1. Using all alpha carbons of the protein assembly as shown, what is the percent of pairwise distances in each 20 Å bin, ordered from the shortest bin to the longest?
2. Taking a threshold of 32 Å on the Cα-Cα distance, which of the pairs B:31/B:411; A:11/A:121; A:121/B:186; A:75/A:114 fall above it?
3. Cross-link partners among aspartates and glutamates for residue A:106, C-alpha distance below 15 Å, same-chain residues fewer than 8 apart left out?
4. How high is the relative contact order of chain B, in percent, with contacts defined as C-alpha pairs under 8 Å that are six or more residues apart?
5. Enter the mean number of other protein chain beta carbons within 10 Å of the beta carbon of each residue in B:164-176, as an integer.
6. Work out, step by step, the length gained on full extension between residue A:116 and residue A:133: first 0.36 nm times the residue separation, then minus their alpha carbon distance; give nm to one decimal.
7. Under a crude label model (7 Å from the Cα following the beta-carbon direction), how far is residue A:218 from residue B:252 in nanometres?
8. Taking H placed 1.01 Å from N in the peptide plane, check which residues at least 5 places from residue A:216 or on another chain put their amide H under 5 Å from its amide H.
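Values quoted throughout were computed directly from the atomic coordinates according to the rules given, and no laboratory measurement underlies them. Fair warning: this is a prediction, and the values are worked out from it, not measured in the lab. Glycine gets a Cβ as well: all are built from the backbone with ideal geometry, and neighbour counts include every protein chain shown.
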Amino acid sequence: MMIVTMDDVSKAYKTTTILDKLSLGIKEGERVVLLGPSGCGKTTTLRLIAGFVAPDSGTVSIAGESVSRDGQIIKPPEERKVGMVFQDFALWPHLSVKENIEFGLKAKGIAKAKREEQVRKMLVVVDMDGYADRKPAELSGGQQQRTALARALALQPKLLLMDEPLFSLDQELNSRLRREIVLLQEKLGFTMLYVTHNRDEAFAIATRIVMMQKGRLEFDGSVAEAEYRLRQV
Amino acid sequence: MPQLQRQVFLGSIVVLLLIVGLLPLLSMLFKSMIIDGHFSLEAYRGLLASRHQWVLMRHSLALSSWVTLLTLLVGVPLGVILGKTDLPLRRTFAVLFVTPLLIPSYIVAVSWFDLLGSEGLLADLLGNPVAQMTNSFLFSLSGCVAVLFTIFLPIPMLLTMIFLRTIDPSLEEAGRLVSGWFGVLKGISIPLILPAVLLAAMLVFLLSFGEFSVPAYLRYDVFPVESFTQFSAFYHFQAATAAAVPLVAVTLLLLLAEALFLQEKTYPLRPSATIGRSMTIALGPYRKGVFVLITLLGFVIVILPIVVLLIESAGMDAYREALDRAGGSLLHSLYYAALGATLLTFVGFFVGYLIHHRTVRYWRMIDSVTIFLFALPGTVIGIGLISLWNTPWTNFVYATPMIIILGYLAKYTALTSRITAAQLAQISPSMEEAAQVAGAGWFRRMVLIVIPLSWRALLAGWIVGYLFSLRDTEITMLVYPPGYETLPVRIYTLMANGSPQLIAALCIIMISATLLPAALLWMLYHTMTTKEIK
């Protein structure tokens, strides 16, 4: 089943074209990595799927349902069942780890007992069960990343969007967390669209790689095919 | 050596600030304890023993609390609507709502009197029984609260608008993935700007607590009115000072609370990579309704009072008489405001510089002193200035407009210094360091690098200094030497025996004298900023 479909999607800011008739489909359970240099339109693609911006033309569908089309947002972000991990993690500084994870559950009106159970479960999943009451400023980079992951997964989204989530971490932590993300995805089975400009990171995480250049799709294939292609270039 | 130049210069600025701002207060306190040449706490004993003082305290607290509560309840949502939604004409509305804060407070009260008073427009339209009701409402706590609400509403509104812009947009985006805008505002955006909301609450509380002209005009007894009356009507210095002491104490207490609970509670500002990106709330089907509601609010609290003054003053005769009787005062106002703004920009710039660079050891204390003086009621500063400078040896200050300028400098330096500090925070320290490495001394670095890079702060500081000096009533009313009165003081004194038409015409002249230069200066600022961006 297709989780995300983008048909002929274009987006421009003022006179600069960011996406030029981009078409892309992501199947359930895939780990797709969008790879490309800065400014190629990767983050805009994520923001279009999340519903923060509308395409100037073209259609974005989630689970077979159109969510934005030709300049209009049909479904707002909170109704798309999409989770997202931001580049700077975007953890709410005034809330504790537990409250960060709980926020979405509360907004959806889930009962307190069920909410707490889900928070506990997510804390165990990301190995953060001893840090529930800490504020984001009291966490290391890796712990912040895990918290952001737990928050994004708490509502069991159909799709997890990750916008260069390891960008600000050191090399060692970056490598360790790549493995953790893959293990977590395999364990929970969510669909993932991961954005990065780092090839090693892309190869370590993806089951499929999509390369972008100047708002266009340049390559779409398996990790082995992507490695082969990049060696040719 | 260059380091010494800097320390000596900035040290002199600090000394000037202390002489202008703190010394008068110390002199006032000292003199209030000397009766017939002997130390005595009689004035304070009288203060504590008098039942009237406790009534005043109750009145002052009730007035400030209600004004604070109402301005927050309306100002914060208004700030969200004007700062975050896709409502048309947001900027125009923001400017409209700021207008009452820019003109002398009592003019707003006069305009409401012309509408709701016993001989106001409403009385003409609806008859005497209705006018009696509205008149009683106006001359009560409720009337005072309503007038001060319209004046101080822009404070929480502006702070909400400004601080919402400092939130990292990804924090709101993360919220939007799981919640509607209402949930995001309630759970994320508003809690993140809570320190700014509390700061707004503190400012409104202190400004209402120290407000003299509106309660005096509407005959609602509060501490500043008592202090002013004791001083100017009875010339009872000790009693006036004693009535001012609770004002000083409450100001100090609130500022201390701010220092303890708010200063360290701010969250980091948005990363520079996200500047230019912000989330806008689409009002969708509510857009028209919200627009009508905001237009109505703007009309009732800003446009209607001005229209009432225009109607009341209709006819050229009133304006001719106004200019005949107060033309000189208008010129004084413009001249002192321009001079005050220039000095405020100069002193505020260097105070802002030393606060930003922490170049002197007690920089935090200096910042606190300027904020304390700003929060202090004008009547207290006025009495302090008289207490210090009213001597035969200092007549060159006391008997000249210099005393007025010193008052402006004491009260409003916080505004220009904070504007400078905020601007300097945007300038990379390496700019000045590069000039230092190139061999430039401190003065040269200031003149050739720092000041040109800070021109926006200088211009914005001058505009703000000008507006606040021009609207000042409390300090000027107490300290102006005979023959040097400003327009707000002249209007206030003419209110006792001038016709309503004359007073309305004078108020319109005062509003024009404030808003026209402000608009011109703002256009100049805007043009220069746009040019720089291009």
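1. Taking all Cα pairs of the protein assembly as shown, the binned fractions are 14, 40, 31, 14, 2, 0 percent.
2. Values: B:31/B:411 21 Å; A:11/A:121 39 Å; A:121/B:186 26 Å; A:75/A:114 27 Å.
Long pairs (Cα-Cα over 32 Å): A:11/A:121.
3. A:78, A:79, A:116, A:117
4. Numbers: 680 pairs, mean separation 117.5, N = 534.
So the answer I get is 22 percent.
5. Working: counts 0, 0, 0, 0, 4, 3, 9, 8, 3, 9, 16, 7, 7.
Whole-number average of other-chain Cβ neighbours for B:164-176 is 5.
6. On the way: separation 17, 0.36 × 17 = 6.12 nm, distance 1.31 nm.
Extending this stretch completely gives an extra 4.8 nm.
7. For residue A:218 paired with residue B:252, the spin-label model returns 6.9 nm.
8. Placed amide hydrogens put A:20 under 5 Å from residue A:216.
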